Amino acid sequence: MPPLQAARFNDGMNDHAPRRTRRIVLLGLAVAGVAGVAFVLRRPLLMAAPTCLAGRWHGCYDTENGVLLMMLVGLPVAALLAWVRARSRPAVGGAPAWRLSLAEVGLVYGTAPLVWITLMPGPGAGAVPGRVSLVPLRDLLTMGPVGIGGNLLILAALGFFAPIRFAALASGPRILALGAGCSVLIEIAQYVLRLDRVSSVDDVLLNAAGAVLAGLASRRWWRTAAAAPSDRSRLARAGTD
């Protein structure tokens, strides 16, 4: 093997090892995070387990505990779907196929069930007119830690995975606009459908903030995806010089 090719081969091997290590670390952190959530919520989740395992809609899919339990149970299926998707596609825009596939599945799987929870009707649904709270920060005092944390998580998967999958969303202001826009649509749906919920501006603020914070957590990957086209153009120009 010529010296130049040998050097490139060694560089590729050296780059591959850190990438593999990062993947293992990220997988371990994800498993630890899921296990931590399951441990903290073990009691309410176990309360919904008999109804969900019996396949009954009422008491499972129309309750927060039931939806969260089924999200945890369905994680292996989601992981398998991401793996199958990654095996059947090429890399796009310089991003690995596994990253794009994981982002697609995580975007849908981590967002849709939580949005479903926000659209669950209350006891007075259909009879109680829609309520609106437009004074910023007023409702934060009544939410409590659980309510604030839940609102931050509603669109967190959207903010984390969307800029990884779509390079056009790879910036803080765009993630903020995406999160705020989606949250406004949720609040409008709550009001129009008369779900016996309060359409609050504080919910929009927290949902958007959660999306931005999650997006910043994935910044390493979505910045790479966004910069890939310009990187390729620079390499092409260098090759012609």
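Does segment 191-205 contain at least one residue that is among the aromatic types (Phe, Trp, Tyr) and under 24 Å from LEU72 (Cβ atoms)? No, the conditions are met nowhere in segment 191-205. Scan segment 160-174 for residues that are part of a helix (DSSP H, G or I) and either polar (S, T, N, Q) or touching a Pro at 6+ places or on another chain (Cβ under 6 Å) (or both) and the total you get is 1.
A search for C-beta distances below 6 Å between a residue of segment 136-156 that is modelled with pLDDT of 90 or more and any residue that is surrounded by fewer than 17 Cβ atoms within 10 Å (Cβ to Cβ), counting only pairs 6+ apart in sequence or on different chains, returns ASP139/SER133. On the stretch given as segment 84-143, residues that are charged (D, E, K, R), out of contact with any Asp or Glu (no Cβ under 7 Å at 6 or more places or on another chain) and part of a helix (DSSP H, G or I) total 3. ILE175 satisfies every condition listed in (1) within 27 Å of CYS60 (Cβ to Cβ); (2) in contact with a helix residue (DSSP H, G or I) (Cβ under 6 Å, 6 or more places away or on another chain); (3) modelled with pLDDT of 95 or more except (1). A single member of VAL212, VAL184, VAL204 is at pLDDT 95 or above, touching a Ser or Thr at 6+ places or on another chain (Cβ under 7 Å) and assigned to a helix (DSSP H, G or I), and it is VAL204. For VAL77, the conditions (1) at pLDDT below 85; (2) more than 23 Å from VAL146 (Cα to Cα) are fulfilled apart from (1).
Can you list residue pairs whose Cβ atoms sit under 9 Å apart, with the first residue in segment 105-122 being in the same structural domain as VAL67 (by TED's automatic domain parsing) and under 21 Å from ILE164 (Cα atoms) and the second being aliphatic (A, V, I, L, M) and assigned to a helix (DSSP H, G or I)? Count only pairs 6 or more apart in sequence or on different chains. So the pair list comes out empty.
Scanning segment 118-144 for residues that are hydrophobic (A, V, I, L, M, F, W, C) and exposed (fewer than 15 other Cβ atoms within 10 Å of the Cβ) yields LEU119, ALA125, ALA127, VAL128, VAL132, LEU134, VAL135, LEU137, LEU141. Close contacts from segment 47-75, counting a first residue that is among the hydroxyl-bearing types (Ser, Thr, Tyr) and a second that is in a loop (DSSP other than H, G, I, E, B), with Cβ to Cβ under 6 Å and a gap of 6+ residues or different chains, come to THR51/GLY59; THR51/CYS60.
Scanning segment 39-92 for residues that are of a type outside the set (A, V, I, L, M) and either closer than 19 Å to ARG165 by Cβ or in contact with a Lys or Arg (Cβ under 8 Å, 6 or more places away or on another chain) (or both), we see that the one that is surrounded by the most Cβ atoms within 10 Å (Cβ to Cβ) is ARG85.
The values are calculated or read from the model by the stated rules, or taken from the named source; none is laboratory data. The structure presented is a predicted model; accordingly, all values stated were derived computationally and were not measured. Every residue, glycine as well, gets a Cβ built from its backbone with ideal geometry; the counts of neighbours run over all protein chains shown.
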